[in-house]
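The values are calculated or read from the model by the stated rules, or taken from the named source; none is laboratory data. Predicted model, so just to flag it, every value in this text is computed and none were measured. No Cβ is skipped: glycine too gets one built from the backbone with ideal geometry, and neighbour counts run over all protein chains shown.
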Amino acid sequence: MLRQFTAAAGMLAVLTVLTGLVYPLAVTGAAQAAFGHRADGSIVERDGEAVGSELIGQPFDGEGYFHPRPSAIGYDGADSGGANLGPSDEGLLEDIEARAEEYRAENGLADDAEVPVDAVTASASGLDPHITVANARLQTARVAQARGVDTAEVARLVDGSTTGRALGVLGEEGVNVLELNLALDEEAPVP
Amino acid sequence: MSGAAWFQFAALIAALLATAPFLGRYIAAVYGDGEKAPGDRFFGPVERAVYRLCRVDPDGEQRWTSYALSLLAFSAVSFLAVYALQRLQPALPLNPVGLPAVEPRVAFNVAVSFATNTNWQAYGGESTMSHLTQMLGLTVQNFVSAAAGMAVMAAFIRGLARRRAATLGNFWVDLTRGTLRILLPLSTLVALVLAGCGVIQNLKGHTVVTTLEGAAQTIPGGPAASQVAIKQLGTNGGGFFDMNSAHPFENAGALSNFVENWAILVIPFALAFAFGAMVRDRRQGRAVFGIMLTVWAVMSIGTMALEAGGSPRLDALGVDQSATADQSGGYLEGKEVRFGPAASGLWAASTTGTSNGSVNAMHDSFTPAGGGLAMVHMMFGEVTPGGVGVGLNGLLVMAVLAVFIAGLMVGRTPEYLGKKIQAAEMKLVMLYVLAMPTVLLGFAAASVLLPPALASLGNTGPHGLSEILYGYASTANNNGSAFAGLDSSTTWYTTTMGLAMLVGRFFLIIPVLAIAGSMAAKRPAPATAGTLPTHTPLFAGMTVGVMAIVAGLTFLPALALGPIVEQLSL
């Protein structure tokens with residue numbers, strides 16, 4: 001009986017060294033050497049200053065910026081989380097209704113206009129970096145007006161920040177909001 | 001479901017068909033009774049060094065009782081190590097954010113959770129666990145609890161395959177070989193691919209950046225890719241971050257998502273082929289594979305379609321859930337744009353059909369029927385395709401039950417792989433079949449009656465019941481995914497779910513080893529015209545029927561009050 005436990009302790013110790021130290025450190029070394037930028041979190045810089053990560057959504061409120069999806073955690077990168085409310089939850093439905101009204105008002109849509117589903121629902125991580133193309137198209141006119149540029153110019157930038165399906169079939173198309181807003185600041189600065 | 005969704009589903013099946021049979025044959029060689037296995041030149045010396053260090057005799061064959069005792073001793077030591085690491089983390093290195101010691105009840109729950117291959121998370125990874133705890137505690141258990149599950153499977157298959165034998169192999173050898181030859185090489189490969197896709201792999205703490213609008217935002221760091229790889233391959237599921245594979249740093253895009261989804265499924269499906277090779281009858285393995293693939297595919301298509309269908313309540317609010325050229329559509333609450341409803345539904349079926357439990361969307365936010373399907377897939381006992389090792393065991397137990405029922409119908413002594421199924425085995429099979437539902441329904445019923453347990457609910461009404469049912473279905477089946485609105489960090493839930501995980505692991509593993517011990521001792525009877533062949537579509541269909549009847553009779557009343565009534569009242 002005792003021999004079983006000493007074998008167990010020895011086994012766990014040896015396997016801990018192999019799988020808990022050698023493995024993650026070897027992978028860290030290899031990943032850093034091969035894909036340093038990505039392994040470090042795909043940090044985006046502007047004028048030498050880090051302004052965020054390509055993969056982590058940021059909150060945007062300004063008229064002249066594209067707005068991300070609602071987030072249950074306010075895009076706090078130290079945390080992550082969704083609302084975890086079921087589809088029959090009245091509070092969630094009230095939130096969605098209020099977000100839809102706000103979205104229509106912000107973007108000058110008719111009172112009964114249909115709103116893209118991603119614009120009024122919170123993501124799983126609370127850090128979703130993308131919005132759908134449909135959502136971006138509806139925000140284009142507002143952003144163009146706030147920046148005093150042609151709508152077509154903004155639409156071109158939206159296309160430039162759109163990621164298609166991986167290998168043509170995997171996942172879904174999305175517009176990276178941070179990348180798009182950076183491109184806007186670069187090419188169509190707020191007057 | 002859109003055309004792209006079907007293509008995505010087909011691509012995953014193609015990737016599995018291209019890899020699982022080869023991996024299965026390799027796994028059979030690793031656990032087989034043959035003298036040689038591929039990679040002996042490299043792994044042989046390392047393994048011999050491990051055995052010498054631990055004073056284990058690699059040729060010492062064990063009876064089922066001492067095999068089980070070794071497994072229990074290893075699990076107990078693992079539990080203590082994970083518990084100690086969490087409690088002592090402020091005094092240990094690699095804690096760049098300065099996290100405090102984990103509370104005792106949460107530490108208990110987590111230690112049970114990782115030592116049993118459940119990886120239920122009563123904590124948020126980034127805000128609770130230091131890098132050292134993640135590496136030495138959680139990552140290690142991801143490997144060894146999975147390897148222990150596969151070891152039990154190897155012993156079970158040997159029990160079926162051996163003739164008039166007293167022993168089932170050696171637990172320490174199976175544990176070592178499974179870790180070194182199967183899990184470590186595959187994980188290294190997958191971790192590097194994921195890092196290339198954008199999953200982070202560094203040893204940093206938080207980086208604070210100033211956003212375009214001038215706010216401060218924290219960007220987390222850590223060795224995520226190495227943990228994500230094994231969390232998927234070992235059907236563990238415990239995320240590096242709270243939101244698991246929905247977090248962009250754990251699952252950066254559609255490509256990483258595809259690789260991670262494949263990694264959940266590849267070993268469980270490969271084990272079907274390994275089984276066929278080890279019992280020297282490939283047809284048996286293909287029949288098991290067929291059962292796994294069929295049920296998983298039906299569940300996948302169902303969940304993808306339900307989530308793509310959206311919610312009628314949102315239609316009424318003027319929300320556009322249709323699939324167009326410019327949006328995926330579907331019910332996107334609790335889902336990421338880059339995955340959409342199809343990749344989220346496909347993942348949900350994969351993670352609940354195995355004992356994985358990682359998520360790339362919030363199951364609590366699924367449509368009631370979509371979340372209900374995920375629950376049902378766990379209630380089948382997680383056998384399609386099942387957690388690494390333990391899932392195949394569960395399916396073989398179901399096959400034995402099907403053989404027994406068929407035998408009763410025609411009045412013949414039931415046989416599986418030539419071995420007679422008798423009273424002793426059937427008692428153990430019943431113990432296996434009843435253990436999970438007993439704790440699941442028992443604890444769920446108690447939770448419904450206790451006000452402190454109800455205070456943890458994130459939702460009310462039928463959805464609240466679904467949260468409780470899902471929680472115990474997940475823990476009693478060692479899954480680990482959650483309807484995360486339920487606050488499971490209370491004393492009631494950390495304790496009862498800890499117990500549910502222990503029952504779900506050991507009350508299944510020990511009967512399986514006992515069955516293996518008793519089957520190994522039997523002499524196989526030659527097949528006659530009256531023998532029920534167990535490799536035919538007819539038998540596969542019958543096994544699925546037995547699974548559906550057992551799960552249906554047990555869980556339908558509870559499901560009717562949760563997801564079913566909620567879907568009908570939407």
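The table for this structure:
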| read-out | value |
| --- | --- |
| Any hit, segment B:301-309, residues being out of contact with any Phe, Trp or Tyr (no Cβ under 6 Å at 6 or more places or on another chain), aliphatic (A, V, I, L, M) and in a loop (DSSP other than H, G, I, E, B) | no |
| Flag for B:N393 being over 30 Å from A:A98 (Cα atoms), in contact with a helix residue (DSSP H, G or I) (Cβ under 9 Å, 6 or more places away or on another chain) and either modelled with pLDDT under 95 or buried (at least 24 other Cβ atoms within 10 Å of the Cβ) (or both) | yes |
| Subset tally (residues that are small (G, A, S) and more than 9 Å from every other protein chain (Cβ to nearest Cβ)) for segment A:37-51 | 1 |
| Residue match in segment B:370-386 (condition: facing chain A (nearest Cβ under 10 Å) and part of a helix (DSSP H, G or I)) | yes |
| In segment A:158-185, the residues that are part of a helix (DSSP H, G or I), touching a helix residue (DSSP H, G or I) at 6+ places or on another chain (Cβ under 7 Å) and buried (at least 18 other Cβ atoms within 10 Å of the Cβ) | A:V158, A:L180, A:L184 |
| Conditions (1) of a type in the set (S, T, Y); (2) closer than 22 Å to A:R3 by Cα; (3) in contact with a Leu (Cβ under 9 Å, 6 or more places away or on another chain): number failed by B:S187 | (2) |
| Residue that is nearest to B:L192 (Cα to Cα) [pool: residues in segment B:239-256 that are more than 17 Å from the chain's Cα centre (by Cα) and part of a helix (DSSP H, G or I)] | B:S256 |
| Any chance B:D326 is more than 28 Å from B:L233 (Cβ to Cβ), surrounded by fewer than 24 Cβ atoms within 10 Å (Cβ to Cβ) and touching a Lys or Arg at 6+ places or on another chain (Cβ under 8 Å) | yes |
| Filter result for B:H363 (closer than 21 Å to B:A287 by Cα and surrounded by 24 or more Cβ atoms within 10 Å (Cβ to Cβ)) | no |
| Filter result for the condition that a residue is closer than 16 Å to A:N135 by Cα and in the same structural domain as A:T162 (by TED's automatic domain parsing), over A:E101, A:E49 | A:E101 |
| Complete set of residues in segment B:417-446 that are surrounded by fewer than 21 Cβ atoms within 10 Å (Cβ to Cβ) and not aliphatic (A, V, I, L, M) | B:G418, B:K420, B:Q422, B:K427, B:P437, B:T438, B:G442 |
| Filtered residue count, segment B:467-522, keeping only those that are of a type in the set (V, I, T) and within 22 Å of B:G562 (Cβ to Cβ) | 5 |
| Output for segment B:279-297, where each listed residue is touching a Gly at 6+ places or on another chain (Cβ under 6 Å) and not polar (S, T, N, Q) | B:R282, B:G285, B:W296 |
| Some residue of segment B:335-344 being modelled with pLDDT of 95 or more and closer than 16 Å to B:L469 by Cα | no |
| Subset of segment B:46-57 (residues that are surrounded by 13 or more Cβ atoms within 10 Å (Cβ to Cβ) and assigned to a loop (DSSP other than H, G, I, E, B)) | B:V56 |
| Residue identified as more than 7 Å from chain A (Cβ to nearest Cβ), of a type outside the set (G, A, S) and within 17 Å of the chain's Cα centre (by Cα) among B:T354, B:T303 | B:T354 |
| Members of segment B:45-57 found to be in contact (Cβ under 8 Å) with a residue 40 or more places away in the chain and facing chain A (nearest Cβ under 9 Å), listed by number | B:V46, B:V50, B:C54, B:V56 |
| Selected residue [surrounded by fewer than 24 Cβ atoms within 10 Å (Cβ to Cβ), under 30 Å from B:D57 (Cα atoms), of a type outside the set (D, E, K, R) and more than 7 Å from chain B (Cβ to nearest Cβ)] from A:A7, A:A13 | A:A13 |
| Considering residues of segment B:456-485 that are among the hydroxyl-bearing types (S, T, Y) and surrounded by 24 or more Cβ atoms within 10 Å (Cβ to Cβ) only, the residue nearest to B:L508 (Cα to Cα) | B:T475 |
| Qualifying position, being facing chain A (nearest Cβ under 10 Å), among the aliphatic types (A, V, I, L, M) and within 23 Å of the chain's Cα centre (by Cα), among B:A191, B:A155 | B:A191 |
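Residues checked against (1) of a type in the set (K, R); (2) buried (at least 17 other Cβ atoms within 10 Å of the Cβ); (3) touching a helix residue (DSSP H, G or I) at 6+ places or on another chain (Cβ under 8 Å):
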{"position": "B:D487", "(1), (2), (3)": "no, no, yes"}
{"position": "B:G498", "(1), (2), (3)": "no, yes, yes"}
{"position": "B:V503", "(1), (2), (3)": "no, yes, yes"}
{"position": "B:F507", "(1), (2), (3)": "no, yes, yes"}
{"position": "B:A525", "(1), (2), (3)": "no, no, no"}
{"position": "B:T543", "(1), (2), (3)": "no, yes, yes"}
{"position": "B:A551", "(1), (2), (3)": "no, yes, yes"}
{"position": "B:I564", "(1), (2), (3)": "no, yes, yes"}
{"position": "B:L570", "(1), (2), (3)": "no, no, yes"}
